[in-house]
Amino acid sequence: MRDVVVIGLLAIGTLFFVAGTIGLLRFPDLPTRLHAVAKADNLGLGFIVAALAIWALTGEPGESAGVGVAAKLGLIWVLCLVGTAANSHLLAGHHRAAARAQRDRVAPADANDGEGPISDDTRPSGGAP
Amino acid sequence: MGAIDIALVVVSAILLVCVVAGLWRGVRGPTPEDRLTAFVLLGTSGAALFIVLAAVAGAPALRDAAIVVVALATVVVVVYTRRSPT
């Protein structure tokens, strides 16, 4: 029974990793690729850590057994959560600023240049001149 | 447990394929942010590979290496995205 649970969790985690990798390779844009990688990181690593933690808590004695091992695996997952969240925000923000700089370099912006109803301007004044 | 060991070896093989496949986006990605995204996936897939190998091969030091790899990916992204404009 425990074998079934552990192997099932490992399979689901690996599936998420494969899906995230395929998403990184096949998605058309940086934000979508970041989304795929974030899912692979959080869910894929989460399921693999859960499987290995269950195996460490209930498995045979050895190097990979005990509560300490399970706690360290949980900490690895939490570190990956925080790191991936921070990375996604930083990369998406930097990409957006770089894209805007590129666009302004090619065609300098006039007032209301090409912007739709939702403006990129996030100042409290709402972009009023 | 024979079944779980076989499953862990299969999982480590698949994760290795993921790590290598991430390199393709690292080479290909048109912007540096794409390459950094591939590096983040490399870090997390590498960390998963390390902790699976730690369970298979009985090498507990690999879990510490997994922490290092995850932290390294974050540090690299922070350094690149927050550098002063040149």
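The distance separating the Cα centre of the range A:21-39 from that of the range B:28-86 comes to 16 Å. The C-alpha atoms of chain B define a longest principal axis, and helix B:61-81 lies at about 10 degrees to it.
For the range B:28-86, what does the alpha-carbon gyration tensor say about shape, rounded, prolate or oblate, given a ≥ b ≥ c as the root eigenvalues, a/c under 1.5 as rounded, and a/b over b/c as prolate? Can you show the working numbers first?
Details: a/c = 6.15, a/b = 2.21, b/c = 2.79.
Oblate.
Is the C-alpha gyration tensor of the protein assembly as shown telling us rounded, prolate or oblate? Criteria: a/c under 1.5 is rounded; beyond that, a/b larger than b/c is prolate, otherwise oblate. Numbers along the way, then the final one.
Working: a/c = 2.74, a/b = 2.53, b/c = 1.08.
Note, shape of the protein assembly as shown comes out prolate.
Computed from Cα atoms, the angle from the helix B:32-57 axis to the main principal axis of chain B rounds to 20 degrees. Tell me the angle of helix B:2-28 to the major Cα principal axis of chain B, expressed in degrees between 0 and 90 and rounded to the nearest ten. Result, in degrees: 20.
Laboratory data are not the source of any read-out in this text; all were calculated from the coordinates shown. Please read these numbers as outputs of a predicted model, since none were measured by experiment.
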